[in-house]
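The values are calculated or read from the model by the stated rules, or taken from the named source; none is laboratory data. Worth saying up front: this structure is predicted, and the values here are computed from it rather than measured. Virtual Cβ from ideal backbone geometry, glycine too; neighbours counted across all protein chains shown.
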Amino acid sequence: MHPLSILLLGIAMSSDAFAAAVGKGAAMRKPRFLEALRVGAIFGTIEATTPVIGWALGLGAAAYITAWDHWIAFVLLGALGLRMIREGARGLRGRGRDDVVAMDGHGAAASPHGHGFWALAATGFATSIDAMAVGVGLAFLDVNIVVVAATIGACTLVMVTCGILLGRVLGTLAGQRAEIGGGVLLIAIGSVILYEHLSRGAWPGLA
């Protein structure tokens with residue numbers, strides 16, 4: 001997997017968490033940098049762990065379906081991308097210009113008191129389910145899962161930290177637009193993976 005694709009995957013995977021962080025930042029009163037960094041670290045750790053879990057689960061089945069591995073990665077990434085675009089678009093439609101209710105990235109209002117460790121961990125896990133599914137798809141490809149997971153975790157840490165700090169300024173609409181952008185990136189990455197596979201003449205059953 002090309003290093004640029006890994007970086008774009010990390011950005012795409014962290015966009016969902018960024019959307020949640022913007023919502024939480026909008027609910028906080030002047031969040032400080034260390035507080036934002038703490039939230040970013042929690043989200044980043046969880047986001048780096050879940051793709052490894054998905055990769056381990058998918059690895060057991062990889063040996064039996066290698067002929068279709070790139071198609072599986074394409075379908076998984078494409079489906080997740082479309083879902084992120086749909087949820088982001090739904091969030092944009094559901095908010096008026098003056099709507100400042102903080103959201104958790106999945107349609108639930110964020111409580112002003114929902115910034116404790118377990119509340120943040122639960123939100124981080126909710127936004128990392130997609131990363132676990134991506135990890136399943138990566139099990140069928142020749143990738144270094146440690147590098148991919150570390151990249152996703154680092155991107156999430158940075159984007160969530162920035163999202164918390166920018167939440168009060170940008171509002172939740174910016175987070176929803178970022179989620180749409182992340183969905184587009186996922187579809188693009190899946191398409192590139194499939195193109196690279198087909199360009200080598202590796203059509204299943206025809207190669």
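I'd like the full set of residues that are modelled with pLDDT of 80 or more and acidic (D, E), limited to the range 1-49.
The answer is E35, E47.
Tell me, which residue of the range 89-126 that is modelled with pLDDT under 70 and in a helix (DSSP H, G or I) is farthest from G190 (Cα to Cα)?
This residue is R93.
Picking from I6, I53, I11, I46, which residue would you name as being within 23 Å of L138 (Cβ to Cβ), in contact with a Cys (Cβ under 6 Å, 6 or more places away or on another chain) and of a type in the set (A, V, I, L, M)?
Within the list I6, I53, I11, I46, the selection yields I11.
Of the residues A62, A73, A67, which single one is among the aliphatic types (A, V, I, L, M), modelled with pLDDT under 75 and loosely packed, with under 14 Cβ neighbours inside 10 Å?
So the residue among A62, A73, A67 that is among the aliphatic types (A, V, I, L, M), modelled with pLDDT under 75 and loosely packed, with under 14 Cβ neighbours inside 10 Å is A67.
Tell me which residues, restricted to the range 127-140, are among the hydrophobic types (A, V, I, L, M, F, W, C) and in a helix (DSSP H, G or I).
Residues satisfying the conditions are I129, A131, M132, A133, V134, V136, L138.
Output the residues belonging to the range 184-207 that are at pLDDT 65 or above and either polar (S, T, N, Q) or more than 21 Å from V134 (Cβ to Cβ) (or both).
S191, S199
Please state which one of A19, A41, A12 is in contact with a strand residue (DSSP E or B) (Cβ under 9 Å, 6 or more places away or on another chain) and part of a helix (DSSP H, G or I).
Of the residues listed, the single one that is in contact with a strand residue (DSSP E or B) (Cβ under 9 Å, 6 or more places away or on another chain) and part of a helix (DSSP H, G or I) is A19.
How about the range 141-183: which of its residues are assigned to a helix (DSSP H, G or I), modelled with pLDDT of 90 or more and not aliphatic (A, V, I, L, M)?
T151, G153, C155, T156, T161, C162
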